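Structure record follows, encoded as structure tokens.
The values are calculated or read from the model by the stated rules, or taken from the named source; none is laboratory data. Remember, predicted model here, so these are calculated numbers, not experimental data. FYI the Cβ positions are ideal-geometry reconstructions off the backbone, even for glycines, and counts take in every protein chain you see. Side chains are part of the model used for accessible areas, which takes the heavy atoms of the whole protein and leaves out ligands, DNA and RNA. Shrake-Rupley method; radii C 1.70, N 1.55, O 1.52, S 1.80 Å.
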Amino acid sequence: IERQKGSSRPDIVVENIAIEIKGPTNQQALDSVPSKCMRYKNHFPGGLIVVLFDVQVNDYYYNEWEASLKRTYPDVIVIRKS
């Protein structure tokens, strides 16, 4: 289910929560998440959940990315699936 607001179109919207699904998840896919965090915050006050499947970056890069994302967007929930 998609509901576009402005230039923001998450993969799924449940009430006022945006859900973004990535997979397979490479570096480019991870790097696109902060932009979505900024834009979705304006339109989905319930928050953002990011679900990552098949993460294809090394652990050092992923851990650095996740720590930075949590510091900047502490309310975003990230779920990493194998």
statement: Quick calc of log₁₀ I(q)/I(0), the chain, Debye, one scatterer on every Cα, no solvent, q values 0.26 1/Å, result -1.36
statement: Given unit charges at Cβ for Lys, Arg (+) and Asp, Glu (-), the dipole magnitude of the stretch 14-82 about its Cα centre in debye, nearest 20, is 140
message: So with the 1.4 Å probe, I'd like the accessible area per residue for the chain, rounded to whole Å².
response: 63
- request: Give the angle, between 0 and 90 degrees and rounded to the nearest 10, that separates the Cα long axis of helix 59-72 from the longest principal axis of the Cα atoms of the chain.
  value: 40
- request: Express in nm, to one decimal, how much length is gained between residue 31 and residue 72 on full extension, taking 0.36 nm for each residue of separation and deducting their alpha carbon distance.
  value: 13.4 nm
- line: With Cα coordinates, the longest principal axis of the chain makes an angle with the long axis of helix 27-43, in degrees rounded to 10, of 30
task: Within the chain, report the trypsin sites (Lys or Arg not before Pro) that DSSP leaves as loop and that have at most 15 other Cβ atoms within 10 Å.
output: 3
message: Taking all protein chains in place and a 1.4 Å probe, what share, in percent, of the accessible surface of the chain do carbon and sulfur account for?
response: 50
- prompt: Within the chain, what percent of beta bridges assigned by DSSP are antiparallel, to the nearest 5?
  reply: 25
task: Using label points projected 7 Å from each Cα along Cα→Cβ, tell me how many nm separate residue 17 and residue 80, to one decimal.
output: 2.1
